[in-house]
Each structure stands twice: as C-alpha cells, then as structure tokens.
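To keep things clear, I will list the structure first and then write my remarks on it.
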Amino acid sequence: MYDLVVIGHLLKEKIRFADGRKIGPVLGSPAAYSSMAAARTGARVGLVSITGRDMPDELPDILKTAGIDMQGVHQEERGTENLLIYDDTGNKRLEFLHKARQIEFNDIPEAYLKARMFLLCPIDYEVPISLLEELFLHQADMAVDLGGYGGASSQVGRLSIQERIDYLEEITPYFRIVKGSREDIHRLYEDSRPSDEEFLAELTTRGVPLSIVTRGADGALLQDGTAIHQIPVFTGRAIDTTGAGDSWFGAFLAEYIKDKDAYRAAIYASVFASIMVERSGGVNPERMPGKDEVVNKGSGLHF
C-alpha cells in the first residue's frame, strides 16, 4: 500500500533571485518538492502528473532515484514550464511559459487508489473538482496545499477575489487537512485578508479537522481541533527558501500518517525544512535531509 499519493503538475523551472542569481532549468512544483520530502522521510510515495517530452530526463529521474513511484506520471507533447522570480521582500511571482492539461481521475493508476492519504497540490487549478469528487467516492483521506487554488503559485488575475473565495468554499469539505502559506492567504483575499488565526478559525467552522498556515521565518501555526500550536523554525541562515513550504508539508504528512500525532509531525517538518533552506538547487536528494539527519538536528525534541 502507498502511504501518500501526490497529485499536481511537475515544472521545468528557472529561478531568478532578487540578488541577481539565476538557476535552472531545475525540477520544481509543489508536487515535486512535497513528494521528495515525503520519500526522504520514509514514506512510500506515488506521483500523478503530466510532463512534456522536452523535459530533460535527468529531472524526473531525480524523483525516481529517491524511490518515488512514477507510474502515474504521463508524458505528453509539452508539460508545464515557468519562470519563478523573487523580489527584494522575498515574495515570488510565477510567469507561466506553457501549461499542461488538467489531471483527471483516470490518470490515477488503480494501484494508487488504496493509498493512506492523497495530497492535492496543484500549481494553477489543474486538479479539478471532478477529481476530488471521484476520490471522495472512494472514501479517500485527502490533504490540500492551497498554493494552486488561488494562492501564491496561481496565475494572477485568473479569477476575481470572490471567485477564488467561492472556489475555496466549494473544495474545502473534501479535505481532512488544509495547508496554506501566509503568502497564499494574501493572494486569496488581497486587501481584505484575514489574520493567520482568523483564517484557521474560518477553516474550522467549515469542518476542516486539521489546518496549517506556514509563515516562513515565523514558523507555522497548526490548528488541530480546537487547539492551536505555534511551530518554531530551527535555522538562522536560510539561503534558498524555494519549495520550503511544500517540503514542510510533504515531511509533515509522511510523519502524520504514522500515528496521527499532528504536533509531533509539525515539529519534524519544521526541522526538515530548516535544514533544506540552508542549501540550494531545486528538488534534489542532496538538498533534502534524510530521516537520520532530521532526527540528529532535532535531538531532544522527541519526535
């Protein structure tokens, strides 16, 4: 049985930092970062995605080398390509050069359907509601990263504020776990944005059992039922935060699946992300720590 099946587009990505540094093309996307982090944590991971024939073989091979099952990755004429640009304040902007088609339920291999958890982490609405409905009928446990549902990775101007909020309200009932970044909240609501705590409270009123806001250098907030936990960071020298929130979530889910201890899993995920931001280079096993390295760095934290 698969522990986690991740659904979302893979990216052929170039990154431009505020200080002028450029890297790429590298393998990117929430699906790539979260699946790699979960696999490095020890989960058995399957991936459902679309790639283009122009994707260099060495990029998806990075995921295969980490032990991620790729039978759900479908190669077509062109995949999703983008340029990721950071400004001086650390905010990011995505310029899409090409987008692959939507991912449909029939793209999911039958062997994946009994997975313990599904993580839906689109870049820009490529995982439609029809797929959520089908998984729901299979009684699947589902988690979502809101970055691609109106959040930070979504195309600017694609939907109005009200359309984004209405869409969020429509999909929320399908999920057991919802994660958004502070940047996602800002993009979703713009000037009318709620505080992190208000956003978590809103998700709770909609029936979401477990919700998370990742907040960069301020750590994360975890709401588990009626309890809210502040999750700290464990680094002071980040050099590349690309993919940190996605990796945090992948590591969190890989640990949470084991015993449903959300606080312990969140501390583990924070240590994991704190290590990876001290390194650069996109999605690769050298950047992401293995379980032993995380445990050693977090010695005394009891996870």
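Values quoted throughout were computed directly from the atomic coordinates according to the rules given, and no laboratory measurement underlies them. These numbers come from a predicted model, not from an experiment. Backbone-built Cβ (ideal geometry, glycine too); neighbour counts: all protein chains shown.
Give me the net charge of HIS98's neighbourhood, meaning all other residues with Cβ under 14 Å from the Cβ of HIS98; Lys, Arg count +1, Asp, Glu -1.
-2
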Using θ = phi - 60° and the Karplus relation 6.51 cos²θ - 1.76 cosθ + 1.60, list the HN-Hα couplings for the range 29-44 in order, rounded to whole Hz, with x at every Gly or Pro. 3, x, 4, 5, 5, 5, 5, 5, 4, 5, 5, 5, 7, x, 7, 8
When we measure straight from the Cα of LYS291, which aspartates and glutamates land under 18 angstrom away, once same-chain ones fewer than 8 places off are left out? ASP3, ASP246, GLU255, ASP259, ASP261, GLU278
Along the range 142-151, what does the Karplus equation 6.51 cos²θ - 1.76 cosθ + 1.60 (θ = phi - 60°) give for ³J(HN,Hα), rounded to whole Hz, x for Gly and Pro? 10, 10, 9, 9, 7, x, x, 10, x, x
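Which loop-located trypsin sites (Lys or Arg not before Pro) does the range 184-246 contain, where loop means any DSSP state but H, G, I, E or B and the Cβ has at most 10 other Cβ atoms within 10 Å?
Answer in residue order: ARG237.
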Near LEU63, within a Cβ-to-Cβ distance under 12 Å, what is the net charge of the other residues, with Lys and Arg +1 and Asp and Glu -1? -2
Classify the chain from the C-alpha gyration tensor, please: rounded if a/c falls under 1.5, else prolate or oblate depending on whether a/b exceeds b/c. rounded
Sum of side-chain charges, LEU135 neighbourhood, beta-carbon under 14 Å (Lys, Arg +1; Asp, Glu -1): -3
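How about the range 1-77: which GluC sites (Glu not before Pro) there are in a DSSP loop, with at most 13 other Cβ atoms within 10 Å of their Cβ?
Passing both the DSSP loop test and the Cβ count: GLU77.
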Quick one: which residues, 5 or more positions from VAL73 or on another chain, have an amide H under 5 Å from its amide H? H modelled 1.01 Å from N in the peptide plane, none for Pro or chain starts. SER49
Loop sites in the range 241-303: GluC sites (Glu not before Pro), DSSP, at most 15 other Cβ within 10 Å: GLU278, GLU286
One finds the C-alpha centres of the range 1-33 and the range 52-116 to be spaced, in Å, by 8
Which cross-chain or sequence-distant (5 or more) residues have an amide H under 5 Å from the amide H of PHE118, H modelled 1.01 Å from N in plane? VAL5, ASP141, MET142, ALA143
DSSP bridge orientation in the range 100-258 - percent antiparallel, rounded to nearest 5: 50
